[in-house]
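The values are calculated or read from the model by the stated rules, or taken from the named source; none is laboratory data. Computed from a predicted model, the values in this text were never measured in an experiment. Here the Cβ is made from the backbone with ideal geometry for all residues, glycine too, and neighbour counts use every protein chain on show.
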Amino acid sequence: MTSPLIKPLSLLRASAVALLLLPSLAAAKPQYGYKGDVAPEKWGELSPKYAACVDGAEQAPLNIVTSATVKKSESKPLKPEYGPTSGDLVVNTGTTIQVNSSGNLKIGNSNYKLLQYHFHTPSEEAINGVHYDMNVHIVHQGADGKLAVIGVNFKKGAANAFLGSFWDKLPTTKGGKLELNLPSLSGLLPDSLSYFTYPGSLTTPPCTEGVQFYILKQPISISTEQLEAFRRLHPMNARPLQPIRERVIKTGG
Ligand SMILES: [Zn+2]
């Protein structure tokens, strides 16, 4: 596999990864979207570079059928070390809100750097066929260049305090951005970090594979007002569920 995703971090700066994850910001790459001519079923036709979106063997997101999951033989708890941040960039990419941030994550004995997090509505992953109202994907990169994504689902309820720290400042137009100091991202994690894990792909073009997902079992809350504020900007930005093929979803944490 020649994807830049597996190059060492030293060869692939976080900013380059951010562009890879966000083709809409790279001028030469065709825009993708969620309806009409640029809808997910057309992504493979938008560019030869997006071939994995139609030809890939391990694409994401998945429906997690809990009765078919198996326990990981070796327990690898997620140990996030997220502190308060300064100078995070909050960007409206045209297809989501993304926050370029920093922090550390340990999974077992492996170290990862936090690159960015972004939101989908409804949730991209489903559990037993049910989607949540929204989810956040927290994207990290290991020293070997591989990506590890923690997914947290939002369920309507009380207002979310972490989102409350910047949700009224979301940039409203494509390309709009602002710099913010934010509280620790741990405020966006549930009490339990038990997870479902599987190998998948970027859920946006170029749909590059080799991304390990850790979808947390416990959802967190978001108020109706907070959900509506996001949906006014991005009414629907979830890729349809992808075939699981030979993969087995494991549980851990
Ligand atoms: Zn995502």
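Screening Lys156 on (1) touching a Ser or Thr at 6+ places or on another chain (Cβ under 9 Å); (2) within 16 Å of the ligand (Cβ to nearest atom); (3) under 26 Å from Thr251 (Cβ atoms) shows it passes everything except condition (2).
Looking only at the range 190-205, filter to residues that are over 21 Å from Thr69 (Cα atoms) and under 14 Å from the mean Cα position of the chain (by Cα); which one of those is nearest to the ligand (Cβ to nearest atom)? By that ranking, first place goes to Thr203.
Within the range 89-117, the residues that satisfy the criterion of being aliphatic (A, V, I, L, M) and out of contact with any Lys or Arg (no Cβ under 9 Å at 6 or more places or on another chain) are Ile97, Val99, Leu114, Leu115. Within the range 122-146, the residues that satisfy the criterion of being in contact with a helix residue (DSSP H, G or I) (Cβ under 9 Å, 6 or more places away or on another chain), closer than 15 Å to Asn100 by Cα and within 13 Å of the ligand (Cβ to nearest atom) are Val136, Ile138, Val139.
In the range 188-199, the count of residues that are buried (at least 20 other Cβ atoms within 10 Å of the Cβ) and part of a loop (DSSP other than H, G, I, E, B) is one or more.
At least 1 residues being at pLDDT below 55 is the threshold, and among the helices (runs of 4 or more DSSP H) wholly inside the range 2-91 those reaching it are 14-21. For the range 169-187, does any single residue satisfy the condition of being part of a helix (DSSP H, G or I), touching a residue at least 60 places away in the same chain (Cβ under 8 Å) and within 16 Å of the ligand (Cβ to nearest atom)? Yes, the conditions are met somewhere in the range 169-187.
If you go through the range 79-130 and keep only what is touching a residue at least 40 places away in the same chain (Cβ under 8 Å) and β-branched (Val, Ile, Thr), you end up with Thr85, Val90, Val91, Thr93, Thr95, Thr96, Ile97, Val99, Ile107, Thr121, Ile127. One residue stands out in the range 39-72 among those that are of a type in the set (A, V, I, L, M) and surrounded by fewer than 17 Cβ atoms within 10 Å (Cβ to Cβ): the one that is nearest to Gly129 (Cα to Cα), namely Val65.
Taken over the range 97-115, residues that are of a type in the set (A, V, I, L, M) and under 14 Å from the mean Cα position of the chain (by Cα) amount to 4.
Looking only at residues in the range 208-253 that are assigned to a helix (DSSP H, G or I) and touching a helix residue (DSSP H, G or I) at 6+ places or on another chain (Cβ under 7 Å), the one that is surrounded by the most Cβ atoms within 10 Å (Cβ to Cβ) is Gln226.
When the range 94-120 is filtered for residues that are away from the ligand (no atom under 11 Å from the Cβ), part of a loop (DSSP other than H, G, I, E, B) and either of a type in the set (Val, Ile, Thr) or farther than 25 Å from Lys35 by Cα (or both), the ones remaining, listed by number, are Ser101, Ser102, Gly103, Gly108, Asn109.
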